[in-house]
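Trainee: I'd like to ask some things about the structure below.
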């Protein structure tokens, strides 16, 4: 008994000193240094709107006096979506700039490249901008936490929906040939259960370098499928919707959330052709008229008007970035212990946090064993003008 | 059978666009003996120019003509300002210039017009009078217009004095200079034509793949394959090469098991095979260089 008390107190002392020394990294009484990587150039530069918004957000926070008297020193570096460059930039952030933690580093391959490194260095790697499922492993990677609903779970939602709503489903799948596409595909197949082999009549991949996916669509249509799970990024999603419309193939069309933006996908594809699409959503699509009067939309819109007046507000990424920045803002605001373990503790103890651009009823929840902040989505169907939500918010917490 | 026809026709349409790119690659190669890696990005930029005219309210065909004309001028200017000064520089320097152009055009487009995809209207009416589930009206128009462009280019080289002078400048610069042809300007003209043809390709492909700064990256690769297959020295061969690649690519995707994963691999294998076994391509002439 006495020995164990002794051990505990020694351990406690050690922990205290550890946290006291850790507290100095990147945090002073007047500032917090945060690192971020984003593809400002290269093939994924469409996501640079996220980086720009995050930077603008904390600039505005600083102009208002910072967080608890500390200004936010956010360093956002370009990694061109190239994993080796991400490694280089993150090393620079951690070892030279000595940031307190990393926030919203973007991309699945890029984050995979620094996953081990940041965990070995014990640098909090918070709210990464990717929907892969591997960011929620508290035992193996206690310093990395995800943000958005994961692709595999969303895939499962579509599988359940197809099974429940289509008699004798014959399923065609088109997926991007990488981690993102396979996560969605595997979640979907898992959702179909034992009958997956028999139900899926055709499954085709495409590469991001393909100029068009016309031939894939022709083949999928020729398989006679009556359900089509479309796992593609906006450009190819629009092509797929347009092409299947052109050749008059009308299956139950399940569109992954990645490409659900009305402006970036459905308008280019043609609104008439987009009628009847089904997707699962967790965010308010800024181009969807039904949100125009909601308080959250107004808050975001006013912020955009003030801080990024020239940005195209139809781009959902601005709303995405505003949400996650606000989440970090609120988290830091309520965080007393700004040591690295302390920051991690704050990130993993969020309870029912509501964000302005989340669909009503969807909240952020984390715990020391649950590293998936947003785990709910709601199905919706496109009516030719906007997404119409139906059913309940589906909570996917595991 | 329906699937076969659909695949083939879609292949011909996208192949036509590869042809345009292949043709412009060949034009530049003829003029300055190099692959212009920025050809695709220049075409993409031209398409944005057309899109800008559209946004200002110009009708689609007028935007098309203006964009193609401006691209021609831009091609000439680029040759004069950027390519000519490195004419005698080592080959690596020249390649750096082309790669530099590629990156500059790509990022400039993203910076000016953002990276989100934009719908681009078709040059052709949605209704040609008959409807078919085998091929859409735009795809049909693409094939027709490409053939027309090819015909024009052919006539230009065959029947005009400038065309003859350009051929002379490419085939034998020294003799051409002796008979009074301004070789330098002929090369610039070649660049201009290449840029103009590229612009046609860009504007034709945009309604299918949507307008965005990276839209030509994949197309350029297949265009290269087409140019090499047809013969890098033969404009007609390049067009045919592009068409063949487009159709084969679709057939491979459609009929070879696991083929849609192999489409790009297939194009690359074709490039390597041509270079190994028939470097002059199907229709090119064998170039013998004195050293």
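Trainee: Give just the number: which of (1) part of a loop (DSSP other than H, G, I, E, B); (2) more than 28 Å from residue A:239 (Cβ to Cβ); (3) touching a helix residue (DSSP H, G or I) at 6+ places or on another chain (Cβ under 7 Å) does residue A:169 not satisfy?
Mentor: (2)
Trainee: Would you point out which residue out of B:63, B:24 is part of a helix (DSSP H, G or I), free of Cβ contacts under 8 Å to residues at least 24 places away in the same chain and either crowded, with 20+ Cβ neighbours inside 10 Å or touching a strand residue (DSSP E or B) at 6+ places or on another chain (Cβ under 8 Å) (or both)?
Mentor: Sole residue among the options that is part of a helix (DSSP H, G or I), free of Cβ contacts under 8 Å to residues at least 24 places away in the same chain and either crowded, with 20+ Cβ neighbours inside 10 Å or touching a strand residue (DSSP E or B) at 6+ places or on another chain (Cβ under 8 Å) (or both): B:63.
Trainee: If you scan the stretch B:66-77, which residues turn out to be surrounded by 13 or more Cβ atoms within 10 Å (Cβ to Cβ) and either over 16 Å from residue B:216 (Cβ atoms) or within 14 Å of chain A (Cβ to nearest Cβ) (or both)?
Mentor: If the condition is that a residue be surrounded by 13 or more Cβ atoms within 10 Å (Cβ to Cβ) and either over 16 Å from residue B:216 (Cβ atoms) or within 14 Å of chain A (Cβ to nearest Cβ) (or both), then B:66, B:69, B:70, B:72, B:76, B:77 are the ones that fit.
Trainee: Mind listing just one residue for me: the one in the stretch A:333-357 that is touching a strand residue (DSSP E or B) at 6+ places or on another chain (Cβ under 6 Å) and surrounded by 21 or more Cβ atoms within 10 Å (Cβ to Cβ) and, of those, modelled with the lowest pLDDT?
Mentor: A:338
Trainee: Does the stretch B:229-246 contain at least one residue that is closer than 22 Å to residue A:240 by Cβ, at the interface with another protein chain (Cβ under 10 Å from one of its Cβ atoms) and touching a helix residue (DSSP H, G or I) at 6+ places or on another chain (Cβ under 8 Å)?
Mentor: Yes, the stretch B:229-246 contains a residue that is closer than 22 Å to residue A:240 by Cβ, at the interface with another protein chain (Cβ under 10 Å from one of its Cβ atoms) and touching a helix residue (DSSP H, G or I) at 6+ places or on another chain (Cβ under 8 Å).
Trainee: Out of (1) away from chain A (no Cβ under 14 Å); (2) assigned to a helix (DSSP H, G or I), the odd one out for residue B:206 is which?
Mentor: The single condition residue B:206 does not satisfy is (1).
Trainee: Kindly establish whether residue A:128 is surrounded by 19 or more Cβ atoms within 10 Å (Cβ to Cβ) and within 23 Å of residue A:184 (Cα to Cα).
Mentor: Considered against the rule, which asks whether it is surrounded by 19 or more Cβ atoms within 10 Å (Cβ to Cβ) and within 23 Å of residue A:184 (Cα to Cα), residue A:128 comes out as yes.
Trainee: Looking at B:31, B:50, B:13, which one is at pLDDT 95 or above, buried (at least 24 other Cβ atoms within 10 Å of the Cβ) and either in contact with a strand residue (DSSP E or B) (Cβ under 7 Å, 6 or more places away or on another chain) or in a helix (DSSP H, G or I) (or both)?
Mentor: B:50
Trainee: Among the helices (runs of 4 or more DSSP H) contained in the stretch B:97-187, which hold 1 or more residues that are at pLDDT 85 or above and within 14 Å of chain A (Cβ to nearest Cβ)?
Mentor: B:137-159
Trainee: Also, quick follow-up: With the condition being at pLDDT 85 or above, I'd like the helices (runs of 4 or more DSSP H) fully within the stretch A:1-102 carrying at least 2 qualifying residues.
Mentor: A:48-63, A:83-91
The values are calculated or read from the model by the stated rules, or taken from the named source; none is laboratory data. What you see is a predicted model; the values in this text were computed from it and never measured. Here Cβ is always computed from backbone atoms with ideal geometry, including for glycine, and neighbour counts include all displayed protein chains.
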